[in-house]
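All of the numbers you see were taken from the coordinates with simple rules; none came from a lab. Please read all numbers here as calculations on a predicted model, not as lab measurements. Positions of Cβ are generated from backbone atoms using ideal geometry, with glycine treated the same way; all protein chains shown enter the neighbour counts.
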Amino acid sequence: MSARPNRREVLLSSAAVAAMPAAGGDLFVRPVLAQAAATRDVASSTAQIDAYMGAPVELVTAPNGAITNKKLLEGVEKVVWLKPTIEKPTDGIWVFGGYGLAPMTIIETDEGLIAFDTGDTKHDGELMFEALRTVSDKPVKAIIYGHSHTCFGAGVLAEGNTDLAIIGHPNLNAVVEQNAGGAPAYFPEIGPYITARAVIQFNGYMPDKGPDAYVVPTNLTKPESAFLPVNTPVEDGQEMTVLGVKMQFFTKYGSDDKVHTTVWLPERKILLTTMLWSSPPQLYSLRGDIFRDPREWIAGLKHNRDLQPEVLISAGCRPVVGKDEVYKVIEGYMDGASFVLDQTLRGILGGKGPDELRHLVRFPKYLDEIPNNLQNYGEISTYPPAIYYQCVGWYDNDAANLKPVSPQDEASRIVPLLGGRDKVLAAATDALNKKEYAWAAQLVNYLYRLDPQDEEVRKTKAEALRRMAYVSTGANDRGHLMSQALALEGKVTIPRLIPPPPEAIGASPTTFLNYFRVRIDPEKSGKTDKVLRFDFADSSSAGLHIRRAVAEFVLSPDEHYRKPDITLAMSGETWVKLYLSLATPNDLIASGEVEVTGDPAEAARLIDLFDRYVPEKAVVVPPAAFSSQR
């Protein structure tokens, strides 16, 4: 029996194969992927990324006056509602779409009504409940949450009834609570940054009407919550009869969050799912988010397909009716997701970096023609880089990019090479005239980095972004492009950070004390070595050990190897004031709201080592607003 090769031998033998000269003398054998992409059956109208660089695009005007890509306007109403609509895909079932980000489904029974999803906000719930009363006066007796994003109108539908069965994923309550402070982030400490970007994504800064308005209504209106916690958790495969309707629940797979519940009505072959959207699976959200594994979404779609439903009702698009049609739509949608994943991985094997991948991975025409593959929410050119960063990291394997100069330094060197400010600005204007909007934006950005207050530069950059927004099909892409154009023109103000709502901070003071640690300013802290203990009115305690440039969070001060130098006692409400910089440490100590054991002046100095929010610029959103949005 031969000895098993060790890791070093495997690596050396692999390196020897890789180093064998190719036909052209290249030491690395690379598939000619760029050429393959050029010859693939990709019509110019399907290569959305080319629209930003002069490819023919017909612009039209949406009903609200928005200038937009004709392809978007022609295809979007096939898969999503642009205005409030009640559909009845089959007997005894209504779907209420266009009242908010996601529809609500109602199943009628002799005993009452079952609601599947209830809206992203209390306001959504109010609108849909009012619409519900136009078709039925029966009470809602059970609510099923298919998704953690669409459970915030439930209290409206319940009409004060506390005996409702609230059915959902066993972890849904925890996810809603965890995300009460804003949009979810891999590192929750940066939640305020992600939340601020989420407001852009959800049309928070675009007008409702006019050429710069949104096209796909993804905006969140009045984001208050009427959430009711799950009281009837279900496991994957569990069967249950709900108000006389036999159901089976599946909780194994997720898409943009991990607490989905799919509902199967076996006697009627009806599937209620959250896997099928009106746009390709959003494998990356422009606001930033926790990685969305395409394999899990694809597996969920396979599961949906293999149930062979005759009616498919989704929280993300119009219903699909007919066994053959459901099969065609699901498989085409699933193949779109598989194509993006597999071609991204193929590109990585071919030596492509993240910026090259966004140009390589484009839908072939047959996938582009699947209605639900219309890129009306996100555009697939933004997904391959996210997959690359997840599986490889930021380094693109080109050593020239290993130690790049800073963006500011690059601009200061590039602009003189191009002939100075006026020539760069003229080149950007020329690119605009050629409809090479992406190139215009890139050129003018060099000047913007050098002088962001240059009015002519701001105007040119704004125009480049606006023109990109007009030709885009993705609602997220348009949101970021148009919002920043408006901000450059001084028409809107976009905050960099949106802090958590006060009630979330006050309800969990030790959690936010942990997040507070990342705000330490190492230039101010100098050689400080002090332990701060915080005793909160809810009987919780925690601490910060400030060691020069680092503030260690101390979960259990009584067990820390150092005793506290200073102890601060306060209510949750007072901690909110400190955390959000609504009052100075000196003022709160002087007023007695913060009780200090130790040196009060030193206590105030230590708190002042941490960055402050600027209260007049802070925008506080209710906790339900971006709980874990798409």
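Other residues with beta-carbon under 12 Å from the beta-carbon of K524 carry, at +1 per Lys or Arg and -1 per Asp or Glu, a net charge of +1.
Each Cα pair under 8 Å and six or more residues apart adds its sequence gap; the mean of these over the residue count of the chain is a relative contact order of 15 percent. Note on segment 502-612: antiparallel DSSP beta bridges, both residues inside, total approximately 75 percent of the bridges counted.
Any lysines with Cα under 19 Å of the K403 Cα? List them, leaving off those in the same chain fewer than 8 positions away. Output for K403: K352.
Cross-linked pairs K83/K138; K365/K434; K138/K246: Cα-Cα separations exceed 23 Å for K83/K138; K365/K434. Applying Stokes-Einstein at 25 °C and 0.890 mPa s to the Kirkwood radius of segment 502-612, computed over alpha-carbon pairs, gives a translational diffusion coefficient of 180 µm² s⁻¹. Within the shell defined by Cβ-Cβ distances under 12 Å, the residues around W94 carry a net charge of 0, with Lys and Arg each +1 and Asp and Glu each -1. Using only alpha-carbon positions in segment 308-374, the gyration tensor eigenvalues give semi-axes of 30, 10, 10 Å once each is multiplied by 5 and square-rooted (largest first). As a rough footprinting exposure proxy, the listed residues Y99, Y205 were ranked by other beta carbons within 10 Å of their own, and the order from fewest upward is Y205, Y99.
Here the chain carries DSSP beta bridges of which approximately 70% are antiparallel, counting only pairs with both residues inside. In a reduced charge model with +1 at each Lys and Arg Cβ and -1 at each Asp and Glu Cβ, the chain shows a dipole moment near 1620 debye about its Cα centre. Among the lysines of segment 459-573, pairs that are 8 or more positions apart or on different chains and have alpha carbons within less than 30 Å of each other number 5. Across the chain, Cα-Cα pairs farther apart than 33 Å form 55% of the total. Here is the result for segment 450-538: no GluC sites (Glu not before Pro) lie in DSSP coil with at most 10 other C-beta atoms within 10 angstrom of their C-beta. Of all lysines in the structure, those lying under 16 Å Cα to Cα from K122, and not within fewer than 8 positions of it along the same chain, are K222.
Compactness check for segment 74-335: Cα Rg over 2.2 N^0.38 Å is 0.95.
Per-residue ellipticity at 222 nm from helix content only, as computed over the chain with -39500 (n - 2.57) for each DSSP H run of at least four residues, stands at -10500 deg cm²/dmol. Sorting the segments 240-252, 568-580 by their residues' average number of neighbouring beta-carbon atoms within 10 angstrom, most packed first, yields 568-580, 240-252.
Here segment 74-335 carries DSSP beta bridges of which approximately 60% are antiparallel, counting only pairs with both residues inside.
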